[in-house]
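The values are calculated or read from the model by the stated rules, or taken from the named source; none is laboratory data. Predicted model only: the values in this text are computed from it and were never measured. Here Cβ is always computed from backbone atoms with ideal geometry, including for glycine, and neighbour counts include all displayed protein chains.
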Amino acid sequence: MAYELAWGSKHPGLLIYLVDLSGSMAWDDKIRRVSNVVWHVVDCLTASCQDKGEYKERYYLKVIGYNQYTYDLFSGGVDDINKWLDEHVDEQFINIEKEGKPQGLTHMSIAYEKAADEINKWIAKQNAKNILVPAPIVINITDGYPEEKGLTEQQSRDKALSAANALRSISVPDGNVLLFNIHIDGIAGKEEGMMFPAARPSDQRKGFLFDASSEMTSTFVLSAQRQNLPATTGSRFMVSNISDMRVLARLVVFGSTISGIPNVDSRKEIPID
Amino acid sequence: MALYFKTFLLGKDGEEDGRQDALALNSEKLLFAVADGVSNSFHPEFVAQALCELFSSIDPSYFDTWDSFSAEILLPQIHEIWLKQINEHLASISGRILRHEQYNYERWKYGASTFCGIHIDLNKGKVKFVIIGDSTLFISTTDGKILEFNSMTDNISGCGTDLINYTNTTEAVISDGSLVGKWFINEIPIENVSYIALMTDGMAKWYQKHQADNPNSESILWKLQSKEDFNNLAENCRRDGEMDDDLAVIIIKLSSIDKTPNTCDCIINSTKENTNIVDNDIIISLDSKSGETMVSPDDNVDNHDIVSSLDIQIESVDSKNIHLKEKKDLSKERLLDSDEIEDHALCVSKVEVNRNISDINETTSSDINETTPSDINETTSSDINETTSSDINESTFENAKEIDSSTSTDIKSGCFISDIIKKIFKK
């Protein structure tokens, strides 16, 4: 059965955040708020790795920024994460004045390609050590849609979709890579939000996000529903026009912990050991 | 009825305290329990430990009214203990760890644990049990059947059929004083029961699998002689992917006594009613049906420098019997039937007579109840079972020769109790 292998110190998970660093992310303070959300989400995830005061290496995190280029904003396991959190007491995970400074266009295809490259390297490394690999998770946070210099909007979308499909086709015994696309707005009410659609939206841009996102299994749908997220059979890991950062944080946590979300009534779901 | 038991406890990363698993027992009341903290909850080990410790001190009569006892007494106490320990824990940490623990507290809100507890009621000839969750009770019978009980299924298996399906979901006791699911309360006659085993699910899954493959696999666990043996078994199984969890096991072996003890039999009893405080000048008197020479009850005993291979010492003496025990305070750990006493007596070459019998009597049942799982694990019946029948045979006749050379003068001046014992049992 797919997606059964929980993150654990004997088989750590791989989590990749793709963060849009195009110029528009500087508007409405979006990049700062996203950086703050990432800090809190990672802090929360790492809290779960603590067992009687000792942190277990249960997952590996990569944060990749992208515009026309990709930027390695963070790479490391739980110990590295803790050091990073301690150093960034301003609760900003990304240095938005330097390598995380928003500028340029949205070459989403190279972000997906970079994620695919990192995942393939990770799988090869774990396989060489005979370590089982939980299905890697990629979460793309963007305020826009594919836009590449010299390409039309359609061509940019097609290129990005091709890269997204290639990323989603990477497979380990536990399952294919899960790709979750989160589109954010800077201002509430700009456009109606959409969460986990089960049918392809007619809008071209939203349709692209739908096509580029992994489909939720019945287990994931149940997990989402238990957290009062509006998923149904056939839903995709895609949301758009999210402006509330608390909702963004919930969504990122949901996506990041999809391989083990317990319920307070003690029904152990797939356990994180 | 004689009972022997062994306990094993091991965390998934080798923790001797069992990490989130717990066990406890009360050998006087014959209460035994294991518990398994639910991973995706907040400090489940507090719930598991509290359940085991509270259970091991209860009045066994509560089994008859378990649901109301649980609702009115047990679960509220669990809530109180867990909350107290959480507050103490949070007060003891700071910085990032405190922040993370607060996240975890907000996220999980509660601790949770499964539980399996039994009472062996010898008076009524029953094994009574209460279970919630996937901690499991296995009952082996003398006719080769294995019964398997936990609260996660309505099936009661026998001979490997209708096996319980261990999944990632479980019923449990919650730290807010509630339950997910309900108690499975039942009892079975003790007649024909040969082994009883309580296990948390990490061990139960392995045992169930091996039981299906090998009906005698309880003997695999019973043959383990030490904590190291168990650790090695766990390590091998973990390497092979057969185990991946904390492990807690209590195995109880039952043996019925067919022979009616006569007045010359010696009995080791875990209760205190047969213990007589004897004066410092030990007076040994025997009543041997064979009519052999008796030691005068007026004789005093000197020169006590003898130690048996099993360190048996006299616990008390009355006009009919010599009550023996091992120096390791055997009474805390097991009952021996009269056949066992005979075997031990035969391998005794010399016995140290303890003038200060009152020292022995200082052992109280409260000592037993304070025993923590780690303490229990240091003393298993394997320590006792080191004596095999071959050991007995090695020493018997040689010692008999030695003893036979003793004279009444020697008996007056020294003490070779073994010849007296030999005479009692006519060996």
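Within the option set B:ASP17, B:ASP36, being charged (D, E, K, R), in a loop (DSSP other than H, G, I, E, B) and within 13 Å of chain A (Cβ to nearest Cβ) holds for one residue only, B:ASP17. Looking only at residues that are assigned to a loop (DSSP other than H, G, I, E, B), surrounded by fewer than 22 Cβ atoms within 10 Å (Cβ to Cβ) and at pLDDT 90 or above in the range A:236-273, which one is nearest to the other protein chains (Cβ to nearest Cβ)? Looking at the filtered set, the residue picked out is A:ASP244.
When residues in the range A:45-59 are screened for being more than 8 Å from chain B (Cβ to nearest Cβ) and either in contact with a helix residue (DSSP H, G or I) (Cβ under 6 Å, 6 or more places away or on another chain) or surrounded by 23 or more Cβ atoms within 10 Å (Cβ to Cβ) (or both), 6 of them pass. Apart from one condition, B:THR161 fits all of (1) at pLDDT 90 or above; (2) not in a strand (DSSP E or B); the exception is (1).
Yes or no, residue by residue, for (1) under 17 Å from B:ILE251 (Cβ atoms); (2) aliphatic (A, V, I, L, M); (3) surrounded by fewer than 24 Cβ atoms within 10 Å (Cβ to Cβ); (4) under 17 Å from the mean Cα position of the chain (by Cα):
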residue: B:LEU3; (1), (2), (3), (4): yes, yes, yes, yes
residue: B:GLU15; (1), (2), (3), (4): no, no, yes, no
residue: B:GLY37; (1), (2), (3), (4): no, no, no, no
residue: B:PRO60; (1), (2), (3), (4): no, no, yes, yes
residue: B:ILE73; (1), (2), (3), (4): no, yes, yes, no
residue: B:PRO76; (1), (2), (3), (4): no, no, yes, no
residue: B:ASN87; (1), (2), (3), (4): no, no, yes, no
residue: B:TYR103; (1), (2), (3), (4): no, no, yes, no
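Among the criteria (1) out of contact with any Gly (no Cβ under 6 Å at 6 or more places or on another chain); (2) surrounded by fewer than 22 Cβ atoms within 10 Å (Cβ to Cβ), the one A:GLN68 does not fulfil is (1). If the condition is being without any contact (Cβ under 8 Å) to a residue 40 or more places away in the chain and within 14 Å of chain B (Cβ to nearest Cβ), then the range A:85-112 contributes A:ASP86, A:GLU87, A:VAL89.
Somewhere in the range B:256-266, is a residue at pLDDT 80 or above and within 22 Å of the chain's Cα centre (by Cα)? Taking every residue of the range B:256-266 in turn, none turns out to be at pLDDT 80 or above and within 22 Å of the chain's Cα centre (by Cα). Considering only the range A:145-162, I want to know if a residue exists there that is modelled with pLDDT under 95, under 24 Å from A:ILE16 (Cβ atoms), crowded, with 16+ Cβ neighbours inside 10 Å and among the basic types (Lys, Arg). The answer is no; no qualifying residue exists.
Go through the range B:20-33 residue by residue and tally those that are within 13 Å of chain A (Cβ to nearest Cβ) and either free of Cβ contacts under 8 Å to residues at least 24 places away in the same chain or under 19 Å from B:PHE149 (Cβ atoms) (or both). Going through the range B:20-33 one residue at a time, the tally reaches 0. Once the range B:185-225 is narrowed to residues that are in contact with a helix residue (DSSP H, G or I) (Cβ under 6 Å, 6 or more places away or on another chain) and over 21 Å from B:ALA22 (Cβ atoms), the residue that is modelled with the lowest pLDDT is B:SER217.
When A:SER171 is tested against (1) within 19 Å of the chain's Cα centre (by Cα); (2) buried (at least 16 other Cβ atoms within 10 Å of the Cβ); (3) among the small types (Gly, Ala, Ser), just one condition goes unmet, and that condition is (2).
In the range A:196-235, how many are assigned to a loop (DSSP other than H, G, I, E, B) and not aliphatic (A, V, I, L, M)? Residues that pass the stated criteria total 16. Mind checking whether some residue in the range A:47-56 is within 30 Å of B:GLY11 (Cβ to Cβ) and within 14 Å of the chain's Cα centre (by Cα)? No, the range A:47-56 has no match at all. Applying the criterion of at least 2 residues that are among the β-branched types (Val, Ile, Thr) and within 14 Å of chain A (Cβ to nearest Cβ) to the helices (runs of 4 or more DSSP H) found wholly in the range B:51-154 leaves B:75-91.
If only residues of the range A:91-141 that are among the polar types (S, T, N, Q) and in a loop (DSSP other than H, G, I, E, B) are counted, the one that is surrounded by the most Cβ atoms within 10 Å (Cβ to Cβ) is A:GLN92.
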